[in-house]
Amino acid sequence: QVQLVESGGGLVQPGGSLRLSCAASGSIFGVKDMGWYRQAPGKQRELVAVFRSGGSVNYADSVKGRFTISRDNAKNTVYLQMDSLKPEDTAVYYCNAEVERVFLRGRFVAYWGQGTQVTVSS
């Protein structure tokens with residue numbers, strides 16, 4: 001099986017920072033794209049940032065200049081450094097990864113983490 005384990009969420013004041021981590025483990029042969037999504041209460045889940053296997057990165061316009069996504073391929077881990085946090089960033093943040101399993105080469109399957117709560121409030 002494959003699991004994505006997220007950590008780093010919590011409560012922070014506006015203007016503060018948090019760093020999220022997501023590690024993929026299990027019967028993994030390789031990992032393609034990895035990214036972060038978030039979902040606020042009563043709203044749809046939205047893409048926050050993605051780090052593609054080719055090295056390119058993309059950010060939602062609302063977080064550009066404040067968030068930074070990075071990746072450690074040796075650890076199958078993706079990070080999200082969040083600076084200058086705003087109350088509107090409050091949401092459950094989900095890690096997503098396209099994983100090639102050892103027993104099913106050539107096919108990538110999307111997996112999701114359980115989510116980590118980020119609350120920005122004074």
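The values are calculated or read from the model by the stated rules, or taken from the named source; none is laboratory data. Worth saying up front: this structure is predicted, and the values here are computed from it rather than measured. A quick note on method: Cβ atoms are made from the backbone with ideal geometry, for glycine too, and the neighbour counts reach across all protein chains shown. Accessible surface areas use protein heavy atoms only, side chains included; no ligands, DNA or RNA. Shrake-Rupley method; radii C 1.70, N 1.55, O 1.52, S 1.80 Å.
If DNA, RNA and ligands are ignored and the probe is 1.4 Å, what is the ranking of 78, 102, 12 by accessible area, most exposed first? Walk me through the numbers before you get to the answer.
On the way: 78 0, 102 80, 12 20 Å².
So, going from the largest accessible area down, we get 102, 12, 78.
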Practice task
Pull up the cross-link candidates among the aspartates and glutamates for residue 64, meaning alpha carbon to alpha carbon under 13 Å and not fewer than 8 places away within one chain.
Solution key: 83, 89
Problem - Under 21 Å from residue 75, Cα to Cα: lysines that are on another chain or at least 8 residues apart - result: 32
Fill in the blank from the handout: Contour minus Cα-Cα span, residue 88 to residue 47, at 0.36 nm per residue, comes to 13.3 nm
Practice task
Tabulate in residue order the Karplus-calculated ³J(HN,Hα) for region 110-120, using 6.51 cos²θ - 1.76 cosθ + 1.60 with θ = phi - 60°, rounded to whole Hz; enter x for Gly and Pro.
Solution key: 7, 10, 10, x, 7, x, 10, 7, 10, 10, 10
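Using a probe radius of 1.4 Å on heavy atoms only, what accessible surface per residue do you get for the chain? Whole Å² is fine. Can you show the working numbers first?
Details: 6530 Å² over 122 residues.
Computed with neighbouring chains in place, this is 54 Å² per residue.
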Fill in the blank from the handout: Quick P(r) readout (region 1-59; Cα-Cα; 10 Å bins; whole %) gives 17, 43, 33, 7
Exercise for the section: Could you go through region 67-76 in sequence order and give the Karplus-derived ³J(HN,Hα) for each residue, using 6.51 cos²θ - 1.76 cosθ + 1.60 with θ = phi - 60°, rounded to whole Hz, and x for Gly and Pro? Expected result: 10, 9, 9, 9, 8, 10, 5, 5, 9, 6
Exercise for the section: Take 112, 36 and sort them by solvent-accessible surface of the protein heavy atoms, 1.4 Å probe, largest at the top. Expected result: 112, 36
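Please report, as a whole percent, how much of the solvent-accessible surface of the chain comes from carbon and sulfur atoms (probe radius 1.4 Å).
Values: 2980 of 6530 Å².
With neighbouring chains kept in place, the figure for the chain is 46 percent.
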Practice task
Quick one: accessible surface of residue 108, probe radius 1.4 Å, all protein chains present, in square angstrom to the nearest 10.
Solution key: 90 Å²
Handout entry: Area projected by the alpha carbon convex hull of region 43-121, averaged over all directions, nm²
Key = 6.3 nm²
Fill in the blank from the handout: With the label point 7 Å along the Cα-to-beta-carbon line of residue 112 and a cut-off under 17 Å to each amide N, the hits in region 62-92 are 91-92
Handout entry: Exposure of residue 83 as accessible area (Å², to 10), given a probe of 1.4 Å and all protein chains
Key = 50 Å²
Fill in the blank from the handout: Rounded to the nearest 10 Å², the accessible area of residue 32 using a 1.4 Å probe with every protein chain kept is 80 Å²
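Placing unit charges on C-beta atoms (Lys and Arg positive, Asp and Glu negative, everything else neutral), compute the dipole magnitude of the chain about its Cα centre in debye, rounded to 20. Write out the running numbers ahead of the final one.
Working: 14 positive and 10 negative charges, 48 e Å.
Charge dipole of the chain: 240 debye, to the nearest 20.
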Handout entry: Farthest positive-ward along the chain dipole, Cα basis, beta-carbon charges - from 41, 80, 54
Key = 54
